[in-house]
Amino acid sequence: AQRVTQPEKLLSVFKGAPVELKCNYSYSGSPELFWYVQYSRQRLQLLLRHISRESIKGFTADLNKGETSFHLKKPFAQEEDSAMYYCALRGFGGYQKVTFGTGTKLQVIP
Amino acid sequence: EAGVVQSPRYKIIEKKQPVAFWCNPISGHNTLYWYLQNLGQGPELLIRYENEEAVDDSQLPKDRFSAERLKGVDSTLKIQPAELGDSAVYLCASSSPRQGNTGELFFGEGSRLTVL
(Lines give C-alpha, C1' and ligand atoms only; values in the text may rest on other atoms or scores of the structure.)
Protein backbone atom coordinates (compact mmCIF):
# COMPACT_ATOMS: atom_id res chain seq x y z
CA ALA A 1 0.00 0.00 0.00
CA GLN A 2 1.14 3.53 -0.64
CA ARG A 3 0.33 6.47 1.58
CA VAL A 4 1.21 10.16 1.66
CA THR A 5 0.99 12.23 4.83
CA GLN A 6 0.97 16.01 5.01
CA PRO A 7 0.75 16.85 8.71
CA GLU A 8 -0.12 20.53 8.35
CA LYS A 9 -3.50 21.64 7.05
CA LEU A 10 -2.51 25.30 7.17
CA LEU A 11 0.85 27.03 7.17
CA SER A 12 1.00 30.79 7.59
CA VAL A 13 4.23 32.68 7.01
CA PHE A 14 5.18 36.29 6.47
CA LYS A 15 6.36 37.49 3.10
CA GLY A 16 10.11 37.00 2.81
CA ALA A 17 10.21 34.25 5.44
CA PRO A 18 11.36 30.72 4.60
CA VAL A 19 8.76 28.08 3.81
CA GLU A 20 8.82 24.34 4.43
CA LEU A 21 5.82 22.20 3.58
CA LYS A 22 6.18 18.72 5.02
CA CYS A 23 5.46 15.47 3.23
CA ASN A 24 6.11 11.93 4.42
CA TYR A 25 5.34 8.80 2.49
CA SER A 26 4.94 5.10 2.95
CA TYR A 27 5.83 2.80 0.08
CA SER A 28 7.68 -0.50 -0.15
CA GLY A 29 9.94 0.29 -3.07
CA SER A 30 11.38 3.24 -4.94
CA PRO A 31 8.63 5.78 -5.47
CA GLU A 32 8.38 8.85 -7.61
CA LEU A 33 7.40 11.94 -5.64
CA PHE A 34 5.68 15.05 -6.88
CA TRP A 35 4.35 18.34 -5.60
CA TYR A 36 1.15 19.67 -7.13
CA VAL A 37 -0.23 23.16 -6.53
CA GLN A 38 -3.69 24.63 -6.83
CA TYR A 39 -3.93 28.41 -6.94
CA SER A 40 -7.25 30.10 -6.21
CA ARG A 41 -9.79 29.39 -8.98
CA GLN A 42 -7.27 27.39 -11.00
CA ARG A 43 -6.93 23.70 -11.69
CA LEU A 44 -4.52 21.41 -9.94
CA GLN A 45 -1.14 21.45 -11.69
CA LEU A 46 2.29 19.95 -11.31
CA LEU A 47 4.82 22.11 -9.49
CA LEU A 48 7.83 19.83 -9.47
CA ARG A 49 8.95 16.21 -9.41
CA HIS A 50 11.86 14.75 -7.49
CA ILE A 51 13.35 12.96 -10.46
CA SER A 52 14.01 16.24 -12.26
CA ARG A 53 15.87 17.81 -9.34
CA GLU A 54 14.60 21.16 -10.53
CA SER A 55 13.72 24.44 -8.89
CA ILE A 56 10.38 25.86 -9.93
CA LYS A 57 9.29 29.33 -8.82
CA GLY A 58 12.06 29.17 -6.24
CA PHE A 59 10.74 25.94 -4.71
CA THR A 60 12.89 22.84 -4.27
CA ALA A 61 12.22 19.44 -2.77
CA ASP A 62 14.68 16.70 -1.89
CA LEU A 63 13.73 13.06 -1.60
CA ASN A 64 15.08 11.63 1.67
CA LYS A 65 14.64 7.88 1.47
CA GLY A 66 15.98 7.33 4.98
CA GLU A 67 13.31 9.55 6.50
CA THR A 68 10.76 8.78 3.74
CA SER A 69 10.20 12.48 3.29
CA PHE A 70 9.86 14.89 0.40
CA HIS A 71 9.54 18.32 1.99
CA LEU A 72 8.95 21.38 -0.19
CA LYS A 73 11.09 24.40 0.57
CA LYS A 74 11.48 27.99 -0.50
CA PRO A 75 13.91 30.43 1.11
CA PHE A 76 11.78 33.57 0.72
CA ALA A 77 7.99 33.33 0.47
CA GLN A 78 6.09 35.60 -1.90
CA GLU A 79 2.42 36.55 -1.71
CA GLU A 80 1.75 34.76 -5.00
CA ASP A 81 2.85 31.50 -3.38
CA SER A 82 -0.39 31.40 -1.41
CA ALA A 83 -2.16 28.24 -2.59
CA MET A 84 -3.00 24.63 -1.75
CA TYR A 85 -0.06 22.28 -2.07
CA TYR A 86 -0.43 18.53 -2.48
CA CYS A 87 2.32 15.98 -2.22
CA ALA A 88 1.84 12.94 -4.45
CA LEU A 89 3.46 9.55 -4.90
CA ARG A 90 3.57 7.28 -7.91
CA GLY A 91 4.55 3.72 -7.33
CA PHE A 92 6.20 1.29 -9.70
CA GLY A 93 5.08 -2.15 -10.64
CA GLY A 94 3.62 -1.98 -14.08
CA TYR A 95 1.01 0.67 -13.44
CA GLN A 96 0.82 4.34 -12.62
CA LYS A 97 -1.31 4.72 -9.51
CA VAL A 98 -0.83 8.21 -8.11
CA THR A 99 -1.71 8.80 -4.46
CA PHE A 100 -2.17 12.30 -3.06
CA GLY A 101 -1.79 13.68 0.43
CA THR A 102 -4.51 15.72 2.10
CA GLY A 103 -2.87 19.00 1.18
CA THR A 104 -1.45 22.02 2.99
CA LYS A 105 -2.80 25.49 2.54
CA LEU A 106 0.04 28.00 2.40
CA GLN A 107 -0.92 31.51 3.40
CA VAL A 108 1.70 34.20 2.85
CA ILE A 109 0.99 37.27 4.94
CA PRO A 110 2.05 40.59 3.38
CA GLU B 1 -4.34 23.13 -26.43
CA ALA B 2 -7.59 23.12 -24.44
CA GLY B 3 -6.40 20.79 -21.72
CA VAL B 4 -8.66 18.33 -19.95
CA VAL B 5 -12.28 19.37 -20.30
CA GLN B 6 -14.95 18.40 -17.81
CA SER B 7 -18.67 19.06 -17.70
CA PRO B 8 -20.78 20.10 -16.02
CA ARG B 9 -18.78 22.40 -13.75
CA TYR B 10 -21.54 22.45 -11.18
CA LYS B 11 -24.47 20.14 -10.53
CA ILE B 12 -27.12 20.29 -7.82
CA ILE B 13 -29.45 17.34 -7.46
CA GLU B 14 -31.71 15.80 -4.87
CA LYS B 15 -30.72 12.55 -3.23
CA LYS B 16 -31.68 9.38 -5.06
CA GLN B 17 -31.42 11.16 -8.40
CA PRO B 18 -28.87 10.05 -11.02
CA VAL B 19 -26.01 12.23 -12.21
CA ALA B 20 -23.35 11.91 -14.87
CA PHE B 21 -20.03 13.65 -15.42
CA TRP B 22 -18.15 13.82 -18.67
CA CYS B 23 -14.43 14.15 -19.34
CA ASN B 24 -12.47 14.79 -22.51
CA PRO B 25 -8.76 14.19 -21.93
CA ILE B 26 -5.87 15.83 -23.72
CA SER B 27 -5.52 14.47 -27.23
CA GLY B 28 -3.23 11.47 -27.33
CA HIS B 29 -3.31 10.80 -23.60
CA ASN B 30 -4.13 7.14 -23.18
CA THR B 31 -4.33 7.14 -19.36
CA LEU B 32 -7.40 8.68 -17.77
CA TYR B 33 -8.19 9.03 -14.07
CA TRP B 34 -11.27 9.92 -12.10
CA TYR B 35 -10.56 11.31 -8.65
CA LEU B 36 -12.93 12.26 -5.85
CA GLN B 37 -12.04 15.28 -3.74
CA ASN B 38 -13.97 15.91 -0.56
CA LEU B 39 -13.77 19.29 1.14
CA GLY B 40 -10.45 19.70 2.90
CA GLN B 41 -9.06 16.47 1.51
CA GLY B 42 -6.71 15.48 -1.26
CA PRO B 43 -7.83 13.77 -4.45
CA GLU B 44 -8.69 10.08 -4.01
CA LEU B 45 -8.55 7.75 -6.99
CA LEU B 46 -11.84 6.23 -8.09
CA ILE B 47 -10.81 4.59 -11.34
CA ARG B 48 -7.95 4.59 -13.82
CA TYR B 49 -8.15 3.70 -17.50
CA GLU B 50 -5.43 2.64 -19.87
CA ASN B 51 -7.08 3.29 -23.22
CA GLU B 52 -10.54 1.74 -22.87
CA GLU B 53 -9.57 -0.73 -20.16
CA ALA B 54 -10.26 0.00 -16.49
CA VAL B 55 -7.02 -1.18 -14.87
CA ASP B 56 -7.69 0.05 -11.33
CA ASP B 57 -11.26 0.42 -10.07
CA SER B 58 -10.74 -0.96 -6.60
CA GLN B 59 -11.88 2.29 -4.95
CA LEU B 60 -14.99 2.73 -7.08
CA PRO B 61 -18.21 2.04 -5.08
CA LYS B 62 -19.68 -0.26 -7.66
CA ASP B 63 -23.12 -0.46 -6.11
CA ARG B 64 -23.90 3.09 -7.22
CA PHE B 65 -20.96 4.31 -9.29
CA SER B 66 -20.14 3.30 -12.84
CA ALA B 67 -17.73 4.57 -15.45
CA GLU B 68 -16.98 3.97 -19.05
CA ARG B 69 -14.44 5.08 -21.60
CA LEU B 70 -15.70 4.16 -24.99
CA LYS B 71 -13.11 4.09 -27.80
CA GLY B 72 -10.43 5.03 -25.28
CA VAL B 73 -11.01 8.76 -25.47
CA ASP B 74 -13.89 10.47 -23.60
CA SER B 75 -15.10 9.09 -20.30
CA THR B 76 -18.30 9.28 -18.31
CA LEU B 77 -18.70 8.78 -14.57
CA LYS B 78 -22.21 8.05 -13.33
CA ILE B 79 -23.78 7.91 -9.90
CA GLN B 80 -27.16 6.27 -9.46
CA PRO B 81 -28.72 6.89 -7.03
CA ALA B 82 -26.84 9.79 -5.49
CA GLU B 83 -26.53 10.06 -1.71
CA LEU B 84 -25.86 13.08 0.48
CA GLY B 85 -22.31 11.89 1.09
CA ASP B 86 -21.52 12.03 -2.62
CA SER B 87 -21.32 15.82 -2.47
CA ALA B 88 -17.77 16.54 -3.58
CA VAL B 89 -15.64 17.62 -6.51
CA TYR B 90 -15.06 14.98 -9.17
CA LEU B 91 -11.76 15.49 -10.92
CA CYS B 92 -10.68 14.02 -14.22
CA ALA B 93 -7.01 13.80 -15.17
CA SER B 94 -5.03 12.37 -18.02
CA SER B 95 -1.42 11.46 -18.72
CA SER B 96 0.68 10.14 -21.54
CA PRO B 97 3.64 7.80 -21.39
CA ARG B 98 4.86 9.31 -24.60
CA GLN B 99 6.03 12.36 -22.68
CA GLY B 100 9.00 10.43 -21.42
CA ASN B 101 6.86 8.76 -18.80
CA THR B 102 7.23 11.79 -16.55
CA GLY B 103 4.28 10.76 -14.47
CA GLU B 104 2.67 14.20 -14.71
CA LEU B 105 -1.09 14.28 -14.43
CA PHE B 106 -3.05 16.98 -16.22
CA PHE B 107 -6.25 17.87 -14.42
CA GLY B 108 -9.55 19.28 -15.50
CA GLU B 109 -11.31 22.01 -13.55
CA GLY B 110 -13.52 19.48 -11.83
CA SER B 111 -17.26 18.94 -11.49
CA ARG B 112 -18.70 20.09 -8.18
CA LEU B 113 -21.65 17.98 -7.08
CA THR B 114 -24.10 19.06 -4.39
CA VAL B 115 -26.67 16.51 -3.26
CA LEU B 116 -29.62 17.94 -1.31
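With a cut-off of 11 Å between beta carbons, the residues surrounding A:T104 carry a summed charge of +1, where Lys and Arg count +1 and Asp and Glu -1. Accessible area lost on pairing A with B, both sides, 1.4 Å probe, Å² to nearest 100? Separately minus together, A and B give about 1700 Å² buried.
Taken over the range A:3-99, lysine pairs spaced eight or more positions apart, or on distinct chains, with alpha carbons under 24 Å apart number 19. The magnitude of the dipole of the range B:20-98, with charges of +1 and -1 set on the Cβ of Lys/Arg and Asp/Glu and taken from the Cα centre, is near 180 debye. Measuring nothing but how far apart in sequence close Cα pairs (under 8 Å, 6+ apart) lie, relative to its length, chain A scores a relative contact order of 39 percent.
The mean number of Cβ atoms from other chains found within 10 Å of a Cβ in peptide B:35-44 is 5, as a whole number. The loop-placed GluC sites (Glu not before Pro) in the range B:1-66, going by DSSP, that have at most 12 neighbouring Cβ atoms within 10 Å of their Cβ come out as B:E1, B:E14. Using a Gaussian network model of chain A in which every pair of alpha carbons under 10 angstrom is joined by a spring, one finds that among A:Y39, A:Y25, A:Y85 the greatest mean-square fluctuation is at A:Y39.
Computed over chain A with a Gaussian network model linking Cα atoms closer than 10 Å, the most mobile of A:A83, A:A61, A:A17 is A:A17.
If you look at the Cα atoms of the protein assembly as shown, you get an Rg and a Dmax of 17.7, 51 Å.
Loop-located trypsin sites (Lys or Arg not before Pro) across the range A:32-99 with a Cβ neighbour count of 13 or fewer within 10 Å are A:R41, A:R53, A:K57, A:K65, with loop assigned by DSSP.
With the charge dipole of the range A:3-99 set up from +1 on Lys and Arg Cβ and -1 on Asp and Glu Cβ about the Cα centre, the Cα lying farthest toward the positive end among the listed residues A:G66, A:S30, A:G16 is that of A:S30. Beta bridges from DSSP with both residues in chain B: antiparallel share about 90 percent, rounded to the nearest 5.
Placing unit charges on the Cβ atoms of the charged side chains and taking the dipole of the protein assembly as shown about its Cα centre, the candidate lying farthest along the positive direction among B:I13, A:V98, A:A88 is B:I13.
The values are calculated or read from the model by the stated rules, or taken from the named source; none is laboratory data. All of these numbers come straight from a predicted model, not from anything done at the bench. Neighbour counts run over all protein chains shown; Cβ positions are idealised from the backbone, glycine included. The accessibility values were calculated without ligands, DNA or RNA, using every heavy atom of the protein model including side chains. Shrake-Rupley method; radii C 1.70, N 1.55, O 1.52, S 1.80 Å.
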